[in-house]
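What follows is a single structure, written as structure tokens, with notes after it.
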Amino acid sequence: MNRITALRLFAIGLAAPFLCSLGKAADKVVIQYDCIPNYANWGGVTAEYTRETGVRIPPDMKGSSAAMAALEAEKANPQADCAYYSAAIGYQASEKGLHQSYKPKGWEKIPSSLKDPGGLWWTVHTAYIGLIVNKSALKGKPVPQSFADLLKPDYKGMVVYDDPTILGTGFTYVYGINAILKGGPDMNAGFAYLKKLDANILNYAKDTVYNDVLRGEIPIWINADGNGLKMKYVDKGDIEVVIPREGTIAMPLVMAMVKNDPHPDATKPYLDWLLSDTAQKIMAESFFRPVMHVQLSAALQKEFLPESAYAKAVVLPLAEMAANADAVKERWTNEIKH
Amino acid sequence: MTKFKPGLVTAHLLTWLLLIVVIAPLLVVILGAFLNVSFLGLASEQWAARKGDGIFNHGWFAYVFHLYGSNILFSLLLAGLSVVIGAAISLPGAYILATCRWRGLRIFEEVVLLPLSIPGIAMSIGLIEAYITFRGQWWLILCGHILYTVPLMTRVLTNSLRSFDIARLELVAQSLGAGWWHRFVFVVVPNLRHSLIVGSLLVFAVSWGEFNVSYLLNTPLHQTYPAALYATFTANSFQVSSAATTIFLALIIPILFALQWLGGDEFTHVEQSA
Amino acid sequence: MSSGGPRLFLLLPLFAVIAAFLLYPLGFLFRQSIGGTSGFDFESYKALFCDSYARAALIHSLLLSSLVAVSSTLVCLPSAWLFAHNLFPAQRVVRAIFTLPMSFSGIIMGFLTVIMLGRIGVVPQLAQKLFGHDYLSGSAYRLHGLVIAYLYFEIPRATLTLESSFRKFDRRLSLAARSLGANGWQRFSYVLLPLIWLPLLSTFAVTFSASLGSFGVALIVARRFSLLPLEIYQQIIGYGNPRLMSAMAITLVTIAFLVNYSVRLAGDRQQRVI
């Protein structure tokens with residue numbers, strides 16, 4: 001019997017401290033849905049907050065739409081304290097009644113187009129959709145300069161964009177490409193383009209592919225420009241970030257506080273802190289444009305793309321975008337994915 | 001027997017080939033975890049390995065433990081509890097299944113073993129949808145693990161009980177005046193020592209590697225190690241993912257070798273961990 | 001033997017686990033798939049079998065699983081035969097290595113596939129060095145990459161299932177045939193094959209249902225290829241149709257069950273004949 005007894009003792013010995021740690025883990029945390037470490041440097045932002053306050057914000061890999069779906073499924077028993085979205089999805093989630101009103105410190109300084117008047121969501125930073133190109137992975141092919149270039153057979157099996165039914169950046173792109181191509185409200189121009197692009201697509205990413213692009217596994221990623229600039233300047237990758245000739249899409253990224261969240265007292269200071277100079281600077285260091293005015297060093301400013309690159313940026317109407325979101329996702333699933 | 005047999009040679013070659021196919025990726029991953037090189041591209045956590053700048057380093061491991069240490073503990077806890085609870089439930093159950101001859105029990109046994117052959121994702125979805133009010137509770141993940149592991153344990157135990165003809169042993173004990181409780185404790189359980197060890201190892205391995213339930217039911221607070229592994233595959237570089245995978249392997253490989261030596265591997269094919 | 005009624009209560013915990021975590025959730029899914037509390041119809045099943053994309057996912061899943069099941073059975077046949085006759089050197093170690101992939105979560109297999117067969121995977125990089133062309137580059141994202149990834153975790157299942165059937169095979173039959181002058185091929189096709197078609201079938205069933213439900217591999221590798229488990233996943237993490245999702249899950253369970261059960265029936269019948 002001694003081996004079984006030993007096994008049992010081993011199991012109990014293992015279990016006891018962990019049961020205790022389970023209880024302990026619950027006190028000093030804030031749960032943020034859509035807290036992808038390599039997106040907008042959330043890894044760096046949350047690490048700094050933990051350093052300053054001891055409060056832990058565990059990484060969460062859900063994209064905007066997945067976060068909204070999870071919040072809705074957990075409505076009766078919310079698990080998250082706050083969520084981060086691309087603006088249109090955050091707007092939609094507010095309309096579904098998933099958020100509670102909170103106006104963090106500094107809220108009044110956010111331009112009124114970038115926040116909900118009732119405090120249901122507010123912008124923390126903005127990004128633009130660009131082409132993140134790993135030059136060595138192109139294997140000698142020229143760096144594409146426009147959305148039209150991406151349709152060339154040269155780039156077959158090289159292009160990736162995020163699945164818009166899961167990730168907010170992908171949704172912003174799928175929605176916005178129509179406006180860039182000067183399409184009408186029927187979205188046909190955009191979908192016709194996406195249909196053609198489909199021939200060159202390697203994958204519709206369900207999770208961030210930051211590392212795959214940096215490694216050279218994926219040559220071209222249509223994503224937030226800031227992520228590409230971080231690969232180039234922070235991770236020293238052989239990366240070029242291209243704002244396509246046709247134009248780009250401005251993408252505000254928003255925070256919201258979840259209704260009936262489990263740790264409201266820990267969450268409010270965190271949401272305040274995200275608008276503080278420290279946090280906004282860390283976001284800027286990963287090339288997402290802070291919503292608050294913070295002083296950036298000249299060296300850092302030089303690494304951002306020049307303002308002229310964004311001359312043709314499209315600003316999408318959030319209310320309309322949120323109202324059409326489900327229909328666009330469904331159309332994308334039916335026409336493009338399958 | 002010295003005759004050259006082309007069939008035999010081909011079979012050997014094929015087996016060697018399969019062996020290489022199985023081992024090669026693991027070697028790549030284990031090497032990737034220890035080497036500070038970028039033969040598969042840059043890492044976004046280069047600072048993690050920069051200590052000393054040598055070719056060999058343990059920086060990736062330190063980083064994994066820092067990020068996912070709590071997930072490792074949580075998975076170990078789940079696996080340990082699955083073993084204990086699984087054995088407590090399966091042992092009496094298997095005893096009855098192996099000794100009672102009532103026909104209805106055969107059907108029940110089929111049902112008990114169902115989780116071994118039906119797709120895990122369907123069962124996970126069922127658990128999520130049916131117990132939506134408990135979503136986010138860590139013990140719901142444990143329930144999922146127990147659902148996978150109890151059939152496995154039951155199968156190991158019933159096979160063993162039937163193989164040594166427990167009915168006859170019991171009959172002997174009964175003729176000596178032992179009641180069924182005495183027979184259970186002093187005849188059945190001691191005879192099952194080997195199977196219990198094999199079953200526990202299997203259960204531990206399955207629970208440690210289980211992904212379906214763990215991933216679909218996980219919350220940021222209670223995430224099992226395989227779910228965290230998936231997070232490293234998407235969020236971290238090849239080097240960090242490799243280190244995380246190596247930690248996973250470090251636990252599973254000894255268990256599988258132990259099973260091989262204990263002769264329990266005939267049961268392993270029923271696992272549904274994929 | 002007096003298997004008294006009172007002992008049946010030992011079965012209760014097992015029964016409770018199965019009822020609460022298997023039968024109730026599956027029943028819940030089924031009720032949800034036919035309309036839940038609000039009505040009763042088979043619209044969701046109609047959608048699954050008629051809607052182009054849901055049906056495509058179903059067909060892809062069936063095709064891929066059959067392809068993987070057949071090829072893994074064939075690929076592992078020689079190794080299983082060698083193992084069954086103890087013809088391979090250091091067999092215990094080799095068999096233990098063969099069992100490794102089984103307890104890996106599917107996601108690890110997906111990760112390994114990308115590392116080995118991705119656009120800059122180890123295999124294409126080696127090929128570039130050796131032959132000057134990056135053979136197999138990016139195959140992880142195509143159908144053959146997916147098949148290889150699935151094969152990887154079917155190797156242990158197929159080998160062990162086949163090996164245990166070969167071990168049961170009575171060698172004297174083969175010796176008798178040899179003494180009657182049958183050559184190797186004749187012995188294989190007239191003696192062995194009629195006896196092993198059933199083990200082949202059950203290997204098929206084991207590997208088929210494992211592939212059918214596998215979700216981790218597909219999550220990482222199946223980039224342009226819709227599969228039923230992936231669709232279920234997409235439904236649950238995104239905004240899905242719970243009825244359609246339940247119908248998908250129930251369909252998966254039904255197919256896996258039918259395949260396993262019919263193989264079992266065939267086995268029972270053969271045993272009765274012999």
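The values are calculated or read from the model by the stated rules, or taken from the named source; none is laboratory data. Remember, it's a predicted structure, so these values are computed and weren't measured experimentally. Quick reminder, even Gly has a Cβ in these numbers, built from the backbone with ideal geometry, and neighbours come from all protein chains shown.
Miscellaneous remarks
- Residues that are in contact with a Gly (Cβ under 8 Å, 6 or more places away or on another chain) and more than 18 Å from A:TYR161 (Cβ to Cβ) within segment C:221-255 comprise C:VAL221, C:PRO229, C:ARG243, C:ALA249, C:LEU252, listed in sequence order.
- Subset of segment B:232-251 [aliphatic (A, V, I, L, M), free of Cβ contacts under 8 Å to residues at least 12 places away in the same chain and within 13 Å of chain A (Cβ to nearest Cβ)]: B:ALA235
- Qualifying residue in segment B:199-206 (condition: small (Gly, Ala, Ser) and surrounded by fewer than 23 Cβ atoms within 10 Å (Cβ to Cβ)): no
- Evaluation of C:PHE28 against (1) surrounded by fewer than 16 Cβ atoms within 10 Å (Cβ to Cβ); (2) modelled with pLDDT of 90 or more (one fails), failing number: (1)
- Residue within segment C:214-233 that is free of Cβ contacts under 8 Å to residues at least 24 places away in the same chain, within 12 Å of another protein chain (Cβ to nearest Cβ), in a helix (DSSP H, G or I) and closer than 24 Å to B:PRO6 by Cβ present: no
- A:ASP207 being surrounded by fewer than 24 Cβ atoms within 10 Å (Cβ to Cβ) and without any contact (Cβ under 8 Å) to a residue 60 or more places away in the chain: no
- In segment A:96-104, the count of residues that are closer than 30 Å to B:GLU129 by Cβ, touching a Lys or Arg at 6+ places or on another chain (Cβ under 8 Å) and at pLDDT below 90 is zero.
- Options A:LYS103, A:LYS75: the member that is assigned to a loop (DSSP other than H, G, I, E, B) and either within 19 Å of A:PHE288 (Cβ to Cβ) or away from chain B (no Cβ under 13 Å) (or both): A:LYS103
- Tabulated pairs, segment A:84-97, first at negative phi, second of a type in the set (Asp, Glu) and in a loop (DSSP other than H, G, I, E, B), C-beta under 7 angstrom, 6+ apart or interchain: A:TYR84/A:ASP34; A:TYR85/A:ASP34; A:SER94/A:ASP116
- Cβ-Cβ contacts under 8 Å between residues 6 or more apart (or on different chains), taken from a first residue in segment A:60-83 that is in contact (Cβ under 8 Å) with a residue 60 or more places away in the chain to a second residue that is in a loop (DSSP other than H, G, I, E, B) and of a type in the set (S, T, N, Q), are listed as A:MET61/A:THR208; A:SER65/A:THR165; A:PRO78/A:ASN260; A:GLN79/B:THR219.
- Selection from segment A:284-299 of residues that are within 12 Å of A:LEU229 (Cβ to Cβ) and either small (Gly, Ala, Ser) or modelled with pLDDT of 90 or more (or both): A:ALA284, A:SER286, A:PHE287, A:PHE288, A:ARG289
- Wholly enclosed helices (runs of 4 or more DSSP H) of segment C:33-135 bearing at least 1 residues surrounded by fewer than 17 Cβ atoms within 10 Å (Cβ to Cβ), under 19 Å from the mean Cα position of the chain (by Cα) and more than 10 Å from chain B (Cβ to nearest Cβ): C:52-84
This table checks each residue for (1) in contact (Cβ under 8 Å) with a residue 60 or more places away in the chain; (2) of a type in the set (A, V, I, L, M); (3) under 30 Å from B:THR10 (Cα atoms).
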site	(1), (2), (3)
C:LEU26	yes, yes, no
C:GLY35	yes, no, no
C:SER38	no, no, no
C:PHE42	no, no, no
C:LEU58	yes, yes, no
C:SER61	yes, no, no
C:SER65	yes, no, yes
C:VAL70	yes, yes, yes
C:LEU77	yes, yes, yes
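- Inclusion of C:CYS50 among residues that are under 28 Å from C:LEU227 (Cα atoms) and without any contact (Cβ under 8 Å) to a residue 24 or more places away in the chain is warranted.
So that you can scan it fast, the table gives a plain yes or no per residue for (1) of a type outside the set (Val, Ile, Thr); (2) within 12 Å of chain B (Cβ to nearest Cβ):
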{"residue": "A:ALA179", "(1), (2)": "yes, no"}
{"residue": "A:PHE191", "(1), (2)": "yes, no"}
{"residue": "A:LEU197", "(1), (2)": "yes, no"}
{"residue": "A:ILE201", "(1), (2)": "no, no"}
{"residue": "A:LYS206", "(1), (2)": "yes, yes"}
{"residue": "A:ASP212", "(1), (2)": "yes, yes"}
{"residue": "A:ILE222", "(1), (2)": "no, no"}
{"residue": "A:ASP225", "(1), (2)": "yes, no"}
{"residue": "A:GLY247", "(1), (2)": "yes, no"}
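- Scope segment A:38-58; condition in contact (Cβ under 8 Å) with a residue 24 or more places away in the chain and surrounded by 20 or more Cβ atoms within 10 Å (Cβ to Cβ); matching residues: A:ASN38, A:TYR39, A:ALA40, A:ASN41, A:TRP42, A:VAL45, A:TYR49, A:ILE57, A:PRO58
- Residue list for segment C:243-260, filter: at the interface with chain B (Cβ under 7 Å from one of its Cβ atoms) and either closer than 17 Å to C:PHE208 by Cβ or surrounded by fewer than 21 Cβ atoms within 10 Å (Cβ to Cβ) (or both): C:LEU252, C:VAL253, C:ALA256, C:PHE257, C:ASN260
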